[in-house]
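In what follows, a structure is listed as structure tokens, so that the remarks can point back to it.
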Amino acid sequence: MPPIRLSPAAPASSPVAAAIPSSTVAMLLADARLPSGGHAHSAGMEPALMGGATLAEVPALLVARATTTSLVEAGCAVVARHAALEDAGLLPVVELEWAARTPSPAQRDAARALGRGLLRLATIVWPESNVLARLSAARPYPPRAVVLGAIAAASGMTALDLARLAVYDDAASAAAALLKLEPRDPAEVTAWVVRACAAVDGDVQELATLTRPADVPAASAPQSEAWAEAHARTTRRLFRA
């Protein structure tokens, strides 16, 4: 048998990286092993448990977050994608609309930390994207939602896939954190994630049509915000937020 010769890996700037199918990009971004810092973020789960939420309430909490915080994030990501494709000068406006809908400083800080991690990855995978390079140089770093939108634009991901990714990633991050904080049957927790995503899929399809920053939904979650602020002041925690 002749020896197997492996082709050298293509550089990140090659057409191979530019032609990654958008479905593969969506799976990549939804992978908990992604080196973006998401593994240190519980999507509100640790603050909720520390604030007094019970395990019996977790399925409802996942649905509540999906219908509030996650929809805001998904809507901002969709509009950021449109801006990155049509007029990148609108991205700061999208960020302002996101900030107006995210009143908790702790949640804003966590979202920017996640955005920074995603940008580090994105500028390596899509070095040809001027929008991602511009966001990477911005200070403070843009939030997760804006960066996800820019990645979707660079990779050719559809608005609908992006919106679903934003909601799923949030629910899956919370579920992964729960398994570290209160170990239980992972299959059961996965079913909770599926139900949370299904509960908002109709909303997600509507969000995918958004193009204007002002049209992003403003669904508040005051209790979650209060938990996040209390969590940020404690020194005994596993997750940033």
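Only the coordinates and a few stated rules stand behind these numbers; no lab work does. Keep in mind that this is a model prediction, so the values were computed, not measured. Glycine gets a Cβ as well: all are built from the backbone with ideal geometry, and neighbour counts include every protein chain shown.
Any idea how far the Cα center of the stretch 25-87 sits from the one of the stretch 125-204, in Å?
So the two Cα centres are separated by 6 Å.
Note the angle between two axes, namely the Cα long axis of helix 105-125 and the longest principal axis of the Cα atoms of the chain, as a number of degrees from 0 to 90, rounded to the nearest 10.
20 degrees
Compute the relative contact order of the chain as a whole-number percentage, counting only Cα pairs closer than 8 Å that sit 6 or more residues apart in sequence.
37 percent
Which value, in debye to the nearest 20, describes the size of the charge dipole of the stretch 39-111 about its Cα centre when Lys and Arg Cβ atoms bear +1, Asp and Glu Cβ atoms bear -1, and nothing else is charged?
In total the dipole reaches around 140 debye.
How large is the dipole of the chain about the Cα centre if only Lys and Arg carry +1 and Asp and Glu carry -1, each at its Cβ, rounded to the nearest 20 debye?
In debye, rounded to 20, the chain gives about 820.
Roughly how large, in nm² to one decimal, is the mean projection of the convex hull of the alpha-carbon atoms in the stretch 169-220?
4.5 nm²
Sorted by average packing, counted as other Cβ atoms within 10 angstrom per residue and highest first, what order do 21-29, 91-99 take?
The densest-packed peptide leads the list: 91-99, 21-29.
Testing the spin-label approximation: label points 7 Å from Cα along Cα→Cβ at Arg195 and Ala230. State their distance in nm.
2.5 nm
What translational diffusion coefficient, to the nearest whole µm²/s, does the chain have by Stokes-Einstein, given a Kirkwood radius computed over alpha-carbon pairs, a temperature of 4 °C and 1.567 mPa s viscosity?
71 µm²/s
Measure nothing fancy, just the Cα-based angle from helix 222-232's long axis to the longest principal axis of the chain, in degrees from 0 to 90, nearest 10.
With both axes taken from Cα atoms, the answer is about 80 degrees.
Rounded, prolate or oblate: which one fits the stretch 63-107, using the alpha carbon gyration tensor with axes a ≥ b ≥ c (rounded when a/c is under 1.5, else prolate when a/b beats b/c, else oblate)?
In terms of gyration-tensor shape, oblate.
With a ≥ b ≥ c taken as the square roots of the eigenvalues of the C-alpha gyration tensor of the stretch 150-191, please select rounded if a/c is under 1.5 and otherwise prolate if a/b is larger than b/c or oblate if it is not?
Here the stretch 150-191 falls in the prolate category.
Identify, among Cys197, Ala64, Thr123, the residue whose Cα sits farthest towards the positive end of the charge dipole of the chain, taking +1 on the Cβ of Lys and Arg and -1 on the Cβ of Asp and Glu, with the dipole about the Cα centre.
Thr123
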